[in-house]
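Just so it is clear, none of the values below were taken in a lab; they were calculated from the coordinates. As the structure is a prediction and not an experimental result, all values here were calculated from the model. When we count neighbours, we look across all protein chains shown, and the Cβ atoms used for this are built from the backbone with ideal geometry, even at glycine.
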Amino acid sequence: MGQFGNFGGSSGSSGTSRDVLPSQVGWIHELARAEIHPDAERVLQLGRSFDPQQLVEESAIDFLTSLRECFAEYARILNAYAENGTRFQEIKVYSIAQTAADFMVFRNQIKLVFANSAHGVIQIAFAQHVRGTLAVDGQIQSSNNTVSSPALAQSQDLLAQVGPFRDVYWTFQGEKVEAEQVAKFYFAEFARITRDNKKSRAGNQILIEQIKALLQEKGLDL
C-alpha cells in the first residue's frame with residue numbers, strides 16, 4: 001500500500017521546499033491515511049490528531065521534552081565548571097519513571113519537579129521545603145532565610161490554551177511562554193536556591209578572593 005515516510009512528490013513549484021521537523025508534518029500523514037482508508041478512518045478515528053484534547057496532550061509531552069532538553073544542556077555547561085564536584089555540587093536532571101515526559105532537577109537534597117499533573121496543566125513544584133522561593137511575582141527570599149510565600153514554594157502552573165486554528169500554546173499567569181524562557185528562568189533560580197552557603201572563620205577573606213578571581217576573569221584588578 002506504500003510507505004508514508006516520503007511525500008516529496010511534485011507540488012507544481014520548482015523552488016526548494018522549506019525544512020520542517022518530522023513532528024510538524026505528522027498531521028499530513030494522518031490525512032493521507034484517511035484518504036487511502038476512509039472507511040477505517042471513520043471506524044478507528046485515525047484523524048484523532050485533530051481532536052483538541054489529543055492536541056493538548058501531545059503538546060504537553062512536547063513542551064516537557066523541550067524543557068528537559070534545555071535543563072540537561074544548561075546543567076551540562078554549568079557542571080563543566082564544577083570539576084567533578086570539587087568546586088560546587090553538580091545539578092542533575094532525571095526522568096520520572098512511568099510518565100511520558102515528567103522530569104526532576106536535583107541538587108543538595110532539593111528537587112524541582114516538572115509534571116503533567118492534569119489535562120492542559122504542567123506543574124512546577126519543589127518536592128520538599130526549601131530555603132528560598134522563586135521570585136516569579138517579584139517576591140524574594142526573606143532576610144531570615146525563610147520562604148516568603150508558601151503558595152509560591154508549593155507549586156506554579158503552566159496552562160495550555162488552544163488557538164483558533166488548533167494551535168496549542170502554553171501560558172503562565174495569562175502570558176504566553178516558550179519552553180526556552182521557562183527553562184532559563186527556573187534553572188537560574190534553582191541554581192541560586194540550591195547553592196551551597198559555605199561558612200568559614202575566614203569568610204571575609206574567601207569573599208575577597210572570590211571577588212578578585214571574578215575581576216581577573218574580566219581583565220580587572222582589585
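Of the peptides 89-98, 111-120, the order by per-residue mean of other Cβ atoms within 10 Å, starting with the highest, comes out as 111-120, 89-98. Look at TRP170, TRP27 and count the other Cβ atoms within 10 Å of each Cβ; fewest to most, that gives TRP27, TRP170.
Please order ASP167, ASP102 by the number of other Cβ within 10 Å, starting at the fewest.
Working: ASP167 10, ASP102 21.
Ascending number of Cβ neighbours within 10 Å: ASP167, ASP102.
Based on the Cβ-Cβ distance from GLU180 to ALA118, what FRET efficiency comes out when R0 is 35 Å, to the nearest 0.05? According to the calculation, E is roughly 0.90.
Nearest 0.05, what FRET efficiency do ASN79 and ILE36 give at R0 = 35 Å with Cβ-Cβ as r? Let's see the in-between values first.
Values: r = 49 Å, r/R0 = 1.41.
Here the calculated transfer efficiency is 0.10.
Amide H contacts of PHE126 (H built 1.01 Å from N, in plane; Pro and chain starts excluded): VAL113 sit under 5 Å, all sequence-distant by 5 or more or on other chains.
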